[in-house]
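Below is one structure, written out as structure tokens; the observations come after it.
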Amino acid sequence: MASAEHRKKLRIMLIPFFATSHIGPHTDFAVRLAAARPDAVELTMAVTPANVSVVRAALQRHGASAASSAIKIATYPFPYVEGLPPGVENLTAAAGDAWRVDAAAMDEALMRPAQEALVRELSPDAVFTDFHFFWNSIVAAELGVPCVTFSVIGPFSSLALGHLDGGGSDLQEMVVPGFPGPEIRIPRAELPEFLRCQQKHDRFSPGPGIQGMARCFGLAFNTFFDMEQQYCELYARSADVKRAYFVGPVSLPLPPAGANAGESPCVSWLGSMPSCSVVYVCFGTYASISDDQLRELALGLEASGKPFLWVLRADGWVPPAGWEERVEKRGMLVRGWAPQSEILSRSSIGAFLTHCGSSSLLEAAAAGVPMLTWPLVFDQFIEERLVTDVLKIGERVWSGARSTRYEEQVTVPAEAVALAVTRFLEPGGTGEAARVRAQELAVKAHAAVAEGGSSHSDICRLINDLIEAKEAAGGGDTIVAGDVEVNRSSGAVFCHSW
């Protein structure tokens with residue numbers, strides 16, 4: 001049975017895309033919303049059954065806080081997809097079948113019925129949807145409640161994707177038109193597939209996702225104003241966005257030391273290493289890397305002579321013979337998951353060799369760690385430009401031919417890996433200036449999420465805007481007494497069995 005206090009709270013449902021790199025930030029965002037106004041909001045994460053564990057793991061990273069404990073989880077069924085084993089509902093877990101998960105997630109006919117049924121059943125006061133699930137803005141409108149798009153990709157990359165077209169030959173560099181700051185150039189081979197497939201001179205036309213975002217009450221980004229100021233301002237002025245909120249990094253603040261039971265062996269190992277000496281290597285949770293490339297990377301890390309922590313997600317891959325014995329005194333190979341935010345916060349980390357995923361980029365910036373960039377797929381080549389060209393907090397590992405298509409990717413030789421790592425980490429090397437800028441950015445990131453900071457203020461503004469919208473729609477006129485609900489404006493009486 002619902003109490004009057006319960007019904008007065010703003011009930012928000014978050015619906016993330018089926019990837020750990022999306023579910024994690026959405027869960028972090030829910031925790032930040034709960035922490036900002038515990039008296040005013042009630043948060044529910046809506047995921048498929050196999051993704052419940054991903055939500056719980058993300059909540060555990062916040063420690064036993066009141067905010068994380070308050071997050072509820074609701075489930076809806078993942079549709080049957082031919083060729084996809086039962087229980088595979090996440091790009092990370094799908095491996096070679098990831099494209100099937102992605103295709104199903106983008107199919108309105110497959111996904112909308114279950115999501116819509118859950119939204120109608122729980123009847124939240126606001127729906128926060130991932131960009132992919134554009135139909136949720138329609139469902140929310142039919143229910144008369146606001147819908148907010150939460151983007152894990154920042155304004156820089158989002159705007160670039162919207163401004164670029166797919167014209168030109170494979171050798172032609174595209175220039176992002178109408179962009180503030182430095183000129184951004186990108187070869188067509190490094191564009192996401194949906195842009196590469198467009199005909200020459202076809203402008204990027206708004207797809208369903210863009211249209212859904214335009215219908216929304218507002219758009220929230222996992223970024224902070226000082227990181228992407230010019231691009232935040234451009235979004236805030238956009239006629240297609242009703243309201244813009246910059247609420248990140250949602251992974252901050254980190255829980256106090258000891259908040260989680262036990263310490264990872266790799267974190268303990270980092271504690272024994274000198275300051276700024278270790279290169280942390282991780283390519284995220286999705287994109288696959290060939291066995292040949294993994295071999296060259298392993299040999300390159302060995303040849304660099306620098307300490308390294310390599311988190312590897314590649315089942316069945318075996319390092320070169322004798323490699324683990326040769327590097328055991330200065331290198332650690334971790335298979336599977338590792339606590340990335342905690343790793344990046346350690347003083348021994350001198351650089352992050354990264355695929356430029358949005359969350360990884362933001363976590364590194366928040367930790368003040370400079371980056372060696374190695375993008376693989378999707379928008380990662382565009383995100384790289386934010387690191388190298390705009391913020392200047394990193395540099396490329398490889399300047400040769402690159403592509404977003406797996407079959408077109410060139411194997412980066414061990415010699416190039418060794419040279420990039422050595423040059424970046426050596427005293428007086430190219431990484432020192434990048435590290436200074438990254439550390440300055442980290443100070444701004446922590447200030448943004450602190451009470452009164454820009455991101456904290458935008459979270460509070462978002463909540464207040466949604467409360468005002470609820471009250472304006474009559475949601476503030478409801479009296480609850482037991483199972484009877486009376487709307488004071490209309491006089492309507494409803495009976496419930498909660």
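The values are calculated or read from the model by the stated rules, or taken from the named source; none is laboratory data. Remember, predicted model here, so these are calculated numbers, not experimental data. Reconstructed Cβ throughout: ideal geometry from the backbone, glycine too, with neighbour counts over all protein chains shown.
Quick one: which of ARG435, ARG402 is at pLDDT below 95 and either crowded, with 16+ Cβ neighbours inside 10 Å or on the phi > 0 side of the Ramachandran plot (or both)? Explain how you work it out, then say what you get.
On the way: ARG435 fails: at pLDDT below 95.
Just a single option satisfies the conditions, and that option is ARG402.
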Practice item. List the helices (runs of 4 or more DSSP H) that sit entirely inside region 35-102 and contain at least 2 residues that are touching a helix residue (DSSP H, G or I) at 6+ places or on another chain (Cβ under 6 Å) and closer than 19 Å to PHE128 by Cβ. Key: 52-60, 66-69
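When you check VAL449 against the structure, is it of a type in the set (Val, Ile, Thr), in contact with a His (Cβ under 8 Å, 6 or more places away or on another chain) and at pLDDT 95 or above, yes or no? Working first, answer last.
Details: of a type in the set (Val, Ile, Thr): yes; in contact with a His (Cβ under 8 Å, 6 or more places away or on another chain): yes; at pLDDT 95 or above: yes.
Answer is yes for this residue.
What residue, of SER69, SER53, SER21, is surrounded by fewer than 22 Cβ atoms within 10 Å (Cβ to Cβ) and touching a Gly at 6+ places or on another chain (Cβ under 8 Å)?
On inspection, the qualifying residue turns out to be SER21.
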Check your understanding: In the list ALA469, ALA434, ALA448, ALA442, which residue meets the criterion of being part of a helix (DSSP H, G or I), over 21 Å from GLU363 (Cβ atoms), touching a residue at least 40 places away in the same chain (Cβ under 8 Å) and not acidic (Asp, Glu)?
Key -> ALA469
Check your understanding: Taking the condition over 28 Å from PRO249 (Cα atoms), modelled with pLDDT under 95 and among the basic types (Lys, Arg), does ARG188 pass?
Key -> yes
Revision key, fill the gap. Of the listed residues (ALA287, ALA236), the one being within 30 Å of PHE128 (Cα to Cα) and assigned by TED's automatic domain parsing to the domain that holds ALA420 is ALA287
Revision key, fill the gap. Counting only residues in region 323-348 that are in contact with a strand residue (DSSP E or B) (Cβ under 9 Å, 6 or more places away or on another chain) and polar (S, T, N, Q), the one surrounded by the fewest Cβ atoms within 10 Å (Cβ to Cβ) is identified as SER348
Study note, to complete from the structure: How many residues of region 361-384 are in contact with a strand residue (DSSP E or B) (Cβ under 8 Å, 6 or more places away or on another chain) and assigned to a helix (DSSP H, G or I)? The answer is 6
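Looking at region 342-359 only, could you name the residues that are in a helix (DSSP H, G or I) and under 17 Å from ARG435 (Cβ atoms)? Walk me through it before giving the result.
Filtering region 342-359 down to residues in a helix (DSSP H, G or I) leaves 342-344, 358-359.
Within region 342-359, ILE343, LEU344 meet the criteria.
Suppose the filter is at pLDDT 95 or above and either within 18 Å of ILE23 (Cβ to Cβ) or surrounded by 16 or more Cβ atoms within 10 Å (Cβ to Cβ) (or both); does ALA95 pass it? Before you say what the answer is, go through the steps one by one.
Values: at pLDDT 95 or above: no; either within 18 Å of ILE23 (Cβ to Cβ) or surrounded by 16 or more Cβ atoms within 10 Å (Cβ to Cβ) (or both): yes.
Considered against the rule, which asks whether it is at pLDDT 95 or above and either within 18 Å of ILE23 (Cβ to Cβ) or surrounded by 16 or more Cβ atoms within 10 Å (Cβ to Cβ) (or both), ALA95 comes out as no.
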